[in-house]
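Asks: I'd like to ask some things about the structure below.
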Amino acid sequence: MDSIIVRGNGPLNGQIPIAGAKNACLALMPATLLSEEPLTLTNAPRLSDIATMKVLLESLGSEVTVMNAGKVLALSSHGATNTHADYDIVRKMRASNLVLGPLLARHHRAEVSLPGGCAIGARPMDIHIDALTLMGAQIELRDGYLHAVAEGGLKGAVVPLRFASVGATENILMAATLAKGTTVIENAAREPEIVDLADCLRRMGAQIEGDGTSRIEIQGVDRLGGATHPVVTDRIELGTYMLAPVFTGGEVECLGGRISLVSAFCEKLDAAGIDVSETSAGLKVRLRGDRPKAVDVVTEPFPGFPTDLQAQMMAMLCLAEGTSVLEEKIFENRFMHAPELLRMGANIEVQGGVATVHGVEKMKGAPVMATDLRASVSLILAGLAAEGETQVNRVYHLDRGYEHLEDKLRAVGANIERVPGR
């Protein structure tokens, strides 16, 4: 397996282009299953998860053409009739479950393997199943597969979510576009990726109101058409690179960024002594003093602090003045990066879903192991500030969520390289 070597190398200065959102694109791609007409996605990120979704859709009979060096995806499900999403593909990525709603909506049946992805908690499918059952589907779990049937098609319903699940909101949103009657999602997720999906579905002819709020109303239509849609900026990649100059000093402009995508994150950065300003091209970030200040963080659904930026924030707070407390309320098992940061000289105590971080003045390079996607990049950020050399192993996680990470950091002055595995 490949490793990434990072050597502390002083301030970072320059511009970093932010890609289209992985989590948005992974929801947009299955929308092709809802229509016989073409769907074209621009500003697509070039990631292994996108390639996995491409393989899954092709296994269902869709055509997926990659253009413009991977930034444009042309999809067509005109002849897609297979409704069986195989375990060998689905196990690689949690977002594979997003074919369930579209398949049920258009073909009235689906057989979808239980999904995989990062080992950061159970993330059960029961919310998806309960919602689709309310819409008239009959679903049972057999041999590791969800076998779903909606005789005569899905029907509109009031769907209250016990948790504002992004994946469940996306699955229901797509399923409801072709359901008979009106569907109301209560306690819906409010993330920008939900709004982006709704925008795309509206371009295809769907009737949707309320996206971006906790109550979304969808009036089912008989059919959806084709569309061309730009993928929204990746707010997690944005937040990750916004932290880079905090570790090293200097000033970095993240191209394509908007404060509205990361407002809760920006509030914490301001409290930590970090300046964030909007420019005509994106967001410019610099540390006001020599070290950031301690802040407390609680992860919450959007518009709260994103769980996908918790690991990166923890790495930064390892070098802050004072003691910070981070509480993880979205996923269990999401402090697995803490032991690796300890190897680099951090002072962290973890009890259940709460991590207490006592800031230190310096960290030291060490061999560390990436445990999941966001943990991987948190270790690389820490390595930018550490004395000596940090070797991050098992970085295949990174390729699922960050395109050309080494190139982007090297372009602003980082000393970073990928070492092929033997």
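The values are calculated or read from the model by the stated rules, or taken from the named source; none is laboratory data. What you see is a predicted model, and the numbers here were worked out from it, not measured in a lab. Positions of Cβ are backbone-derived with ideal geometry, glycine not excepted, and every protein chain shown enters the neighbour counts.
Asks: Taking the conditions exactly as written (under 20 Å from D372 (Cα atoms) and among the aliphatic types (A, V, I, L, M)), does M29 satisfy them or not? Before you say what the answer is, go through the steps one by one.
Replies: Values: under 20 Å from D372 (Cα atoms): no; among the aliphatic types (A, V, I, L, M): yes.
No.
Asks: Shifting gears a bit: Which number in (1) touching a Ser or Thr at 6+ places or on another chain (Cβ under 6 Å); (2) of a type in the set (V, I, T); (3) assigned to a strand (DSSP E or B) marks the one condition that T356 misses?
Replies: Here T356 meets the rest and fails (1).
Asks: Another question, then. Would you point out the residue of region 39-51, among those that are in a helix (DSSP H, G or I) and surrounded by 18 or more Cβ atoms within 10 Å (Cβ to Cβ), that is modelled with the highest pLDDT?
Replies: I50
Asks: Let me ask you something else. Just for strands (runs of 3 or more DSSP E) wholly inside region 177-257: which have at least 1 residues that are within 22 Å of the chain's Cα centre (by Cα)?
Replies: Per the criteria, 182-186, 215-219, 227-230, 250-255.
Asks: When both residues are 6+ apart or on different chains and their Cβ atoms are under 8 Å apart, which pairs have a first residue that lies in region 179-201 and is in the same structural domain as L132 (by TED's automatic domain parsing), and a second that is among the β-branched types (V, I, T) and at pLDDT below 95?
Replies: Sorted first by the residue in region 179-201, then by its partner, the pairs are A189/V166; E191/V166; E193/V166; I194/V166.
The rows are residues; the columns are (1) part of a helix (DSSP H, G or I); (2) of a type in the set (S, T, N, Q); (3) surrounded by fewer than 16 Cβ atoms within 10 Å (Cβ to Cβ).
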| residue | (1), (2), (3) |
| --- | --- |
| P339 | yes, no, yes |
| V368 | no, no, no |
| S376 | yes, yes, no |
| E403 | no, no, no |
| G413 | no, no, no |
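Asks: Would region 64-74 turn up any residue that is in a helix (DSSP H, G or I), among the polar types (S, T, N, Q) and not assigned by TED's automatic domain parsing to the domain that holds R374?
Replies: yes
Asks: So is E209 within 28 Å of A21 (Cα to Cα), surrounded by 23 or more Cβ atoms within 10 Å (Cβ to Cβ) and charged (D, E, K, R) or not?
Replies: no
Asks: Name every residue in region 124-159 that is within 16 Å of P102 (Cβ to Cβ), among the hydrophobic types (A, V, I, L, M, F, W, C) and assigned to a loop (DSSP other than H, G, I, E, B), in order of residue number.
Replies: Hits for region 124-159 are M125, M135, A137, A150, L154.
Asks: Give E328, E332 a once-over and let me know the one that is within 17 Å of the chain's Cα centre (by Cα), closer than 24 Å to E267 by Cα and of a type in the set (D, E, K, R).
Replies: From the options E328, E332, the qualifying one is E328.
Asks: Can you go through G359, G282, G345 and tell me which one is in contact with a Cys (Cβ under 9 Å, 6 or more places away or on another chain), small (G, A, S), touching a residue at least 40 places away in the same chain (Cβ under 8 Å) and closer than 19 Å to G250 by Cα? Break it down stepwise before answering.
Replies: Numbers: G359 fails: closer than 19 Å to G250 by Cα; G345 fails: closer than 19 Å to G250 by Cα.
Of G359, G282, G345, the one residue that is in contact with a Cys (Cβ under 9 Å, 6 or more places away or on another chain), small (G, A, S), touching a residue at least 40 places away in the same chain (Cβ under 8 Å) and closer than 19 Å to G250 by Cα is G282.
Asks: Now for a different question. Counting only residues that are among the aliphatic types (A, V, I, L, M) and either crowded, with 21+ Cβ neighbours inside 10 Å or under 11 Å from G250 (Cα atoms) (or both), how many does region 285-294 have? Even if it seems obvious, please write down each step before you answer.
Replies: Taking region 285-294 and keeping what is among the aliphatic types (A, V, I, L, M), we get 285, 287, 294.
If we keep only those that are either crowded, with 21+ Cβ neighbours inside 10 Å or under 11 Å from G250 (Cα atoms) (or both) too, we end up with 285, 287.
The total comes to 2.
Per-residue answers, yes or no, for (1) of a type outside the set (K, R); (2) in contact (Cβ under 8 Å) with a residue 40 or more places away in the chain; (3) surrounded by fewer than 16 Cβ atoms within 10 Å (Cβ to Cβ); (4) at positive phi:
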position	(1), (2), (3), (4)
H229	yes, yes, no, no
V232	yes, yes, no, no
T248	yes, yes, no, no
G256	yes, yes, no, yes
S263	yes, yes, yes, no
K268	no, yes, no, no
G273	yes, no, no, yes
